[in-house]
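Structure first, then comments.
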Amino acid sequence: MIAMQTAQLKEQLRQKYKEIRTNLTGEQRLALGNEIYRNLFNFTEYRSAKLVLTYYSTKFEPETRVIRINRNHAGRNIAFPRFDREGMMEFYYTTCFGDFEEGDYGIRVPKSDCRKVEDFDNSVCIVPGLAFDKQGYRLGYGKGYYDRFLQNYNGFKIGLCYSECMAESLPREQHDIAVDVVVTDKIDE
């Protein structure tokens with residue numbers, strides 16, 4: 001019964017945060033995204049990482065193209081996830097925009113001939129979410145890919161979020177994994 005109530009509450013919150021993000025204009029998303037990345041690039045863990053695990057952003061998420069561009073100047077590798085039908089996610093190195101193809105859910109993923117990441121030493125993982133709370137827990141899209149991956153990931157985890165999508169507390173389940181820090185468009189979040 002409690003699990004069903006938690007699932008229903010999460011679904012209601014997904015709709016709420018999707019609506020907040022949808023109501024942002026393109027100009028607002030761009031300005032807020034620029035602030036998010038200005039804050040992200042100041043984190044020591046990000047600057048010192050040799051490998052950045054990130055995601056290919058959708059229209060309503062902070063644009064991750066900035067990470068793809070920034071990594072060229074910082075001498076680090078970058079990798080993006082591929083998802084399989086069994087609910088698992090693996091990361092693959094990419095070097096250019098031509099390394100991507102259309103995946104499930106309309107998300108761009110690395111082509112299958114890209115090299116798979118085997119060593120996650122000295123890496124940071126940029127984690128997407130519809131919303132995050134003050135404890136670093138996220139409200140994802142409900143498929144559980146990131147929670148399964150993060151169970152065995154020992155690197156530094158960074159959530160990216162618009163400040164309007166930060167919550168005091170979000171419902172969580174036993175399998176939910178918190179990020180180490182949430183970076184927003186505000187300095188003090």
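Out of curiosity, is E63 acidic (D, E) and either at pLDDT 90 or above or open to solvent by less than 60 Å² (accessible area, probe 1.4 Å) (or both)?
On the way: acidic (D, E): yes; either at pLDDT 90 or above or open to solvent by less than 60 Å² (accessible area, probe 1.4 Å) (or both): no.
No, not satisfied.
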Any idea which of I36, I69, I20 is of a type in the set (A, V, I, L, M), within 14 Å of the chain's Cα centre (by Cα) and either at pLDDT 90 or above or farther than 18 Å from F91 by Cα (or both)? I36
Kindly establish whether G140 is among the small types (G, A, S), touching a Pro at 6+ places or on another chain (Cβ under 8 Å) and touching a residue at least 12 places away in the same chain (Cβ under 8 Å). yes
Just one of (1) of a type in the set (V, I, T); (2) in contact with a Pro (Cβ under 9 Å, 6 or more places away or on another chain); (3) farther than 24 Å from D147 by Cα trips up T94, so point out which. (3)
Could you list all residues from region 165-175 that are surrounded by 14 or more Cβ atoms within 10 Å (Cβ to Cβ), at pLDDT below 95 and touching a helix residue (DSSP H, G or I) at 6+ places or on another chain (Cβ under 6 Å)? P171
Filtered residues of region 122-158 (kept if among the acidic types (D, E) and at pLDDT below 95): D147
Mind checking which helices (runs of 4 or more DSSP H) fall wholly inside region 1-53 and carry at least 3 residues that are in contact with a helix residue (DSSP H, G or I) (Cβ under 9 Å, 6 or more places away or on another chain)? 2-22, 26-40
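Which residue out of T25, T54 is at pLDDT 90 or above, within 16 Å of the chain's Cα centre (by Cα) and of a type in the set (V, I, T)?
Details: T25 fails: within 16 Å of the chain's Cα centre (by Cα).
The match here is T54.
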If we only count strands (runs of 3 or more DSSP E) wholly inside region 93-150, which ones have 1 or more residues that are within 20 Å of S169 (Cβ to Cβ)? 123-127, 131-133
Complete set of residues in region 101-158 that are touching a strand residue (DSSP E or B) at 6+ places or on another chain (Cβ under 7 Å) and either open to solvent by 90 Å² or more (accessible area, probe 1.4 Å) or of a type in the set (A, V, I, L, M) (or both): E102, V109, R115, V117, V124, I126, V127, L130, A131, L139, L150, I158
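What do you reckon, is E61 in a helix (DSSP H, G or I), in contact with a Lys or Arg (Cβ under 8 Å, 6 or more places away or on another chain) and not hydrophobic (A, V, I, L, M, F, W, C)? Outline the logic, then answer.
Numbers: in a helix (DSSP H, G or I): no; in contact with a Lys or Arg (Cβ under 8 Å, 6 or more places away or on another chain): yes; not hydrophobic (A, V, I, L, M, F, W, C): yes.
Answer is no for this residue.
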With respect to G155, is the statement that it is more than 26 Å from L24 (Cβ to Cβ) and among the small types (G, A, S) true? yes
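The values are calculated or read from the model by the stated rules, or taken from the named source; none is laboratory data. For clarity, every value in this text was computed on a predicted model and none was experimentally measured. As a convention, Cβ positions derive from the backbone with ideal geometry for all residues, glycine included, and neighbour counts pool all protein chains shown. Areas reflect the complete protein model, heavy atoms only, side chains present, ligands, DNA and RNA absent. Shrake-Rupley method; radii C 1.70, N 1.55, O 1.52, S 1.80 Å.
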